[in-house]
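Working notes, beginning with the structure itself.
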Amino acid sequence: METQINSSNQTKIKLNFKDSKYATGRRKKSIARVWLKKGSGIIHVNNISAKDYFKKANLQISAIRPLSLTKREAEYDVRCTVNGGGHTGQAGAISLGIARALINFEPELKQTLKKEKLTTRDSRAVERKKPGRRKARRSFQFSKR
């Protein structure tokens, strides 16, 4: 493992991911590109450790849920780049990407992950605002007089 120091006092980590599996995850407006390889359980999101990137514990847990569900947190290293959306959407996108990459490594895990609904994309997104309305469905306040 090789480390480089940025001018902004942050450590930028470069990991060797030659024998890795790649998968893409999407959620709301977020897109995560995930590389998974056999290792010791190091997880990096946008070249920052996952614990530093996701400040809230529930987002950390949801991002690595496929690994914890299959009890493989200490067996794989994860490197992912994610952009777009907010932290919740990014955690969901990373979760889907990790699940898909895990299935590439070990196809027998598909049943376990599918049972927990981690293999399908969550297509829910914000509904667009309609003309003549205050929000997507909310009307302006009606005044009788």
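State all residues of the stretch 64-90 that are under 17 Å from G41 (Cα atoms) and in contact (Cβ under 8 Å) with a residue 60 or more places away in the chain; if no residue qualifies, say none.
Of everything in the stretch 64-90, those that are under 17 Å from G41 (Cα atoms) and in contact (Cβ under 8 Å) with a residue 60 or more places away in the chain turn out to be D77, R79.
Go through K55, K130 for me and flag whichever is charged (D, E, K, R), more than 27 Å from D19 (Cβ to Cβ), modelled with pLDDT under 95 and not in a helix (DSSP H, G or I).
On inspection, the qualifying residue turns out to be K55.
Considering only residues that are surrounded by 11 or more Cβ atoms within 10 Å (Cβ to Cβ) and not in a strand (DSSP E or B), look in the stretch 1-35 and name the one that is modelled with the lowest pLDDT.
Applying the filter and picking the extreme gives Q10.
Restricting attention to the stretch 64-93, which residues are farther than 20 Å from K110 by Cβ and outside any loop (DSSP other than H, G, I, E, B)?
D77, R79, C80, T81, V82, N83, H87, T88, G89, Q90, A91
Please enumerate the residues belonging to the stretch 63-90 that are surrounded by 18 or more Cβ atoms within 10 Å (Cβ to Cβ) and polar (S, T, N, Q).
Matches in the stretch 63-90: T70, Q90.
The values are calculated or read from the model by the stated rules, or taken from the named source; none is laboratory data. Computed from a prediction, not measured in an experiment: that's the story for all the values here. Don't worry about glycine lacking a Cβ; one is built from the backbone with ideal geometry, like all the others, and counts go over all protein chains shown.
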